[in-house]
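Asks: A single structure is presented below for examination.
The values are calculated or read from the model by the stated rules, or taken from the named source; none is laboratory data. Note that the structure is predicted; figures quoted are calculated from it, not measured. Note that each Cβ is placed from the backbone with ideal geometry, even for glycine, and that neighbours are counted across all protein chains shown. For accessibility, only protein heavy atoms count, side chains too; no ligands or nucleic acids. Shrake-Rupley method; radii C 1.70, N 1.55, O 1.52, S 1.80 Å.
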Number of protein chains: 2
Amino acid sequence: MVTRRLTQKDIARLAGVSQATVSFVLNGSPENANRIPPETRERVQKVIRETGYVADPVARRMVKGLNRILGVFTYEPAFPSAQADFFTPFLLGIEEAAQELGYDLLLLTGAGVKRRIFGDNVRLRLADGCIILGRQFDRDELTRLVAGDFPFVAVGRRDDAGGPVPYVGGGYVAATTALVDRAKALGHQRIAYVGLNEGAESTLDRWIGFEPALGGADLVHTQFAVAQPPGETLDALLAAGATCVFFTELADAIAVDAVARHRGISVPADLSIVVLGNHIRAEEHGRRFTSFSIPREAMGRAATQMLVRRVENDAPVEQVLLDCAIVEGDTLGPVSTKHIRNT
Amino acid sequence: MVTRRLTQKDIARLAGVSQATVSFVLNGSPENANRIPPETRERVQKVIRETGYVADPVARRMVKGLNRILGVFTYEPAFPSAQADFFTPFLLGIEEAAQELGYDLLLLTGAGVKRRIFGDNVRLRLADGCIILGRQFDRDELTRLVAGDFPFVAVGRRDDAGGPVPYVGGGYVAATTALVDRAKALGHQRIAYVGLNEGAESTLDRWIGFEPALGGADLVHTQFAVAQPPGETLDALLAAGATCVFFTELADAIAVDAVARHRGISVPADLSIVVLGNHIRAEEHGRRFTSFSIPREAMGRAATQMLVRRVENDAPVEQVLLDCAIVEGDTLGPVSTKHIRNT
DNA sequence: TGACTGTGCTAATACGTATTACTAGCGTAG
DNA sequence: CTACGCTAGTAATACGTATTAGCACAGTCA
């Protein structure tokens, strides 16, 4: 812009005082505030009102060290519609909590270009701390974050990375275990698992909650892969004599359910389906899968509050898992007598 | 945090050089860059690598004056689900364009608390410029923005506020006119209008496009109010002998359409419905209303690009209206002979 | 030998604000 | 009348970086 920004020096000149006086008028601490008599104070404030001057937050931050800004870092872009349903609930909670605590949000997303926290022109540090969002996360960067002095909190559980990672995650392990127990209570002894059992912590947690919970039940089929042809998956499930199948991916469950319906296989009478997690607007598919609900909004809120604790009070690392409520749904039922006889 | 941040001074000490040398190694201009010989350069970079030092963007900004941050200001909170569908497409476009241009976004949203641009603790200025989003907008603040030197662009047309307001809006006037013309071409002569005819520019634009376009057609009923009981609205429409009704609010159209269906009144055979605008996920209502589509994502992109032009090149005020494509839909049909006889 | 030209750095400064240290002027207690 | 304290400010400095100006030294040319 052509006209340079107003500075306190300009205000001082116009009011016939020094820059320091202007600063005192603006934000003198109680003991210093009364050093400026009302007349001078009013004269300065008049100039400020007339000019519409506001202090440059950047310079302010230089002195104070804090900005009241929280960074939200995602590797994937936050808004494109494919991701929007995933990110939006988290952002909702983050925004609300930030608002309550008097912080603004700096969005740092990585669309297309691989964006890194430690890059050449890292603007992340403009924020007082940051929230890490997203499924993938570079291990090296996490390690550097843990080692560094920049406050951050991850949304989603993370394994240690050269030290404990502060996070707010979902209690997937416990929720998965609860669902397995429920299936067993309904008589299911021949259970299958379709989903990955390695990779991101959130994925792994399902398996960790699942496998030990089986107890006496038989794991008659596993498919450690997602997005496979649903017909083949269904074939394998039936061939193995599974009465109940756990999916980690809603999309897989939907596809297999559709094929089953098409073939006249009844869910849950012939085959029970459990989905380990939920997805916004899952109702659109006309099926309420038995699953657990991920408290995304609450996770965002909690992570934000935790981050502010770390920023303001240098609070120690916390690791929190929020409960995932079980969604009853319509796809987990008792084992049919047909199956019991079969087995 | 307990451990102070690393500064260039620390790096300089560790590498046995001066702070200026570190700065040159980091980002010396071409002519100065080769003043540092490879050995020294490597020595400094080694220390930087080992310590994980990154320059403080705040200090950087102090010197350079630019931040590569764009503020996004909304009076209403951006994420809460009620608003999410409204804001998300704009944010999508804004985020994409910002990413391409190498800017980050500072989200300044107003949840609950009345948030003002000119307040005590204005962090907006941290950004190099800002995008104004949202339906309501304080006139005084807009005037001050126009008068000031802070670059901004509004999403949505705005009337002059002590000067022209830079904006990227939707061509609601033209699109509304086109829909009126279409209705007239289908024989409609008895037309009604349900919606506000004052208030925000975006609302007003519908009326501005509508009223003059009527030409010879009769405006048999107007209801300058929204969210009224749909039964009463329908009664009034029928009593007035309207064959086609224009709604500014999708919600009103949905409600009236539902009552009509319930009463056995066929749309569009007995009554045509046109909606002036669209809404994400309108399909969920099982009806494709004849309307026009608002290019929200494109508006966000265009506004961002315009803002960057203003920030970087001090470009003059631009005012752009993007075309709104007509959505054919199923609710505008030819006038039935019954009506023609009736009239 | 003395002036000149690079080379390879460092010193100094600016950016805008907050804050600490100080000072000039004046009244008053001792 | 000196010392002290109070009032109403101002001067100076720090924050961390970018950048300009400049300095010490070596080599070159006349």
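Asks: What does the accessible area per residue of the range B:8-55 come to in Å², with a 1.4 Å probe and no ligands, DNA or RNA counted? Kindly include the intermediate steps, with their values, before the conclusion.
Replies: Values: 2940 Å² over 48 residues.
Accessible area per residue, the range B:8-55: 61 Å².
Asks: Would you check chain A for Lys pairs whose C-alpha atoms are within less than 27 Å, ignoring same-chain pairs closer than 8 in sequence, and give me the count? Walk me through the numbers before you get to the answer.
Replies: Values: A:LYS9/A:LYS46; A:LYS9/A:LYS64; A:LYS46/A:LYS64; A:LYS184/A:LYS338.
So the count works out to 4.
Asks: For the range A:8-55, with all protein chains present and a 1.4 Å probe, just round the carbon and sulfur fraction of the accessible area to a whole percent. Show your work: numbers first, answer last.
Replies: Details: 1520 of 2940 Å².
Ligands and nucleic acids excluded, carbon and sulfur reach 52 percent.
Asks: What does the highest-first list of A:176-188, A:247-259 look like by mean Cβ count within 10 Å? Mind dumping the intermediate values first?
Replies: Values: A:176-188: 19.1, A:247-259: 20.8.
Final packing ranking: A:247-259, A:176-188.
Asks: Please work out the FRET efficiency for the pair A:ASP235 and B:ASP323, using the Cβ-Cβ distance as r and a Förster radius of 56 Å; give the result to the nearest 0.05. Before the final figure, lay out each step's value.
Replies: On the way: r = 51 Å, r/R0 = 0.91.
It comes out at approximately 0.65.
Asks: If a/c stays under 1.5 just call it rounded; otherwise compare a/b with b/c (prolate if a/b is bigger, oblate if not). Do that for the protein assembly as shown, with a ≥ b ≥ c from the square roots of the Cα gyration tensor eigenvalues.
Replies: Details: a/c = 2.31, a/b = 1.10, b/c = 2.11.
Oblate shape, in that a/c is at least 1.5 and b/c is the bigger or equal ratio.
Asks: Let me ask something else about it. Where the label is 7 Å out from Cα toward Cβ, how close does A:LEU186 come to the same position in every other copy, in nm, shortest first?
Replies: The answer, with the shortest distance listed first, is 4.8 nm.
Asks: To continue, here is another question. After finding the eigenvalues of the alpha carbon gyration tensor for the range A:8-55, what semi-axes result from the square roots of 5 times each, listed largest first in whole Å?
Replies: Values: eigenvalues 53, 22, 18 Å².
Values for the range A:8-55, descending: 16, 10, 10 Å.
Asks: Between A:TYR53, A:TYR167, A:TYR193, which gets the highest mean-square fluctuation from a Gaussian network model of chain A, Cα cutoff 10 Å?
Replies: Answer for the Gaussian network model of chain A: A:TYR53.
Asks: Please work out whether the range A:155-264 counts as rounded, prolate or oblate from its C-alpha gyration tensor, where a ≥ b ≥ c are the square roots of the eigenvalues and a/c under 1.5 means rounded, while otherwise a/b larger than b/c means prolate and anything else oblate?
Replies: Values: a/c = 2.43, a/b = 1.63, b/c = 1.49.
Prolate.
Asks: Provide the descending list of Cα extents for chain A along its principal axes, expressed in whole angstroms.
Replies: In descending order, the Cα extents are 97, 37, 36 Å.
Asks: With an 8 Å Cα cut-off and a minimum separation of 6 or more residues, compute the relative contact order for chain A in percent. Before the final figure, lay out the partial values.
Replies: Details: 564 pairs, mean separation 59.5, N = 343.
Once divided by the residue count of chain A, the mean separation gives 17 percent.
Asks: At a 1.4 Å probe, which residues in the range B:85-99 are at least 30 Å² less accessible with all protein chains present than in their chain isolated?
Replies: Residues losing area: B:THR88, B:LEU92, B:GLU95, B:GLN99.
Asks: Follow-up question, since we're still on this one. In Å² (nearest 100), what accessible area is buried between B and A, both sides summed, heavy protein atoms only, 1.4 Å probe? The partial results should precede the final answer.
Replies: Numbers: alone 17580 and 17560 Å², together 30390 Å².
Its buried surface, counting both partners, is about 4800 Å².
Asks: Still on this structure, I have one more. Along Cα→Cβ at 7 Å, what distances in nm separate the B:PHE224 label point from those on the other copies, shortest first?
Replies: Relative to the other copies, B:PHE224 has label-point distances of 7.0 nm.
Asks: In nm, give the distance between the simple-model label positions of B:ALA59 and A:ASN27, each being 7 Å from the Cα along the Cα-to-Cβ direction.
Replies: 2.0 nm
Asks: What does the accessible area per residue of the range A:195-343 come to in Å², with a 1.4 Å probe and no ligands, DNA or RNA counted? Don't skip to the answer; put the middle values down first.
Replies: On the way: 6850 Å² over 149 residues.
Heavy-atom SASA per residue in the range A:195-343 reads 46 Å².
Asks: Turning to a different aspect of this structure: For B:ASP140 and B:ASP10 in the same chain, what is the full-extension length gain: residue separation times 0.36 nm, less their Cα-Cα distance, in nm?
Replies: Numbers: separation 130, 0.36 × 130 = 46.80 nm, distance 4.78 nm.
Net length gain for the segment: 42.0 nm.
Asks: How high is the FRET efficiency from A:GLU42 to A:ASN197, r the C-beta distance, R0 56 Å, rounded to 0.05?
Replies: On the way: r = 71 Å, r/R0 = 1.26.
Taking R0 as 56 Å, the efficiency between A:GLU42 and A:ASN197 is 0.20.
Asks: For B:GLU100 and B:LEU219 in the same chain, what is the full-extension length gain: residue separation times 0.36 nm, less their Cα-Cα distance, in nm?
Replies: Values: separation 119, 0.36 × 119 = 42.84 nm, distance 4.76 nm.
Full extension of this stretch gives 38.1 nm more.
Asks: Translational diffusion coefficient, Stokes-Einstein: compute it for the range B:213-304 using the Kirkwood radius over C-alpha pairs as Rh, at 25 °C and 0.890 mPa s, and state it as an integer in µm² s⁻¹. Please report the intermediate quantities before stating the final value.
Replies: Numbers: Rh = 14.4 Å.
Using the Kirkwood radius from Cα pairs, D works out to 171 µm²/s.
Asks: Here's another thing I want to ask about it. Could you work out the mean count of beta carbons from other protein chains within 10 Å of each residue's beta carbon in B:51-59?
Replies: Values: counts 1, 7, 2, 11, 4, 6, 9, 11, 4.
Per residue, the average neighbour count from other chains is 6.
Asks: To the nearest 20 debye, what charge dipole does the range B:8-55 have about its Cα centre, counting +1 at the Cβ of each Lys and Arg and -1 at the Cβ of each Asp and Glu?
Replies: Numbers: 7 positive and 5 negative charges, 17 e Å.
Value, rounded to 20: 80 debye.
Asks: Based on DSSP H assignment, which helices of chain A show an axial Cα extent of at least 20 Å together with a mean Kyte-Doolittle hydropathy greater than or equal to -0.5?
Replies: Working: long enough: A:81-101 (30 Å, 0.33); A:296-313 (25 Å, -0.65).
Passing helices, by number: A:81-101.
Asks: Also, I was wondering about something else. Nearest 500 deg cm²/dmol is fine: what mean residue ellipticity at 222 nm does the protein assembly as shown get from its DSSP H runs of n ≥ 4 alone, each adding -39,500 (n - 2.57), divided by its residue count?
Replies: On the way: 26 runs with 288 residues, N = 686.
Value at 222 nm, helices only: -12500 deg cm²/dmol.
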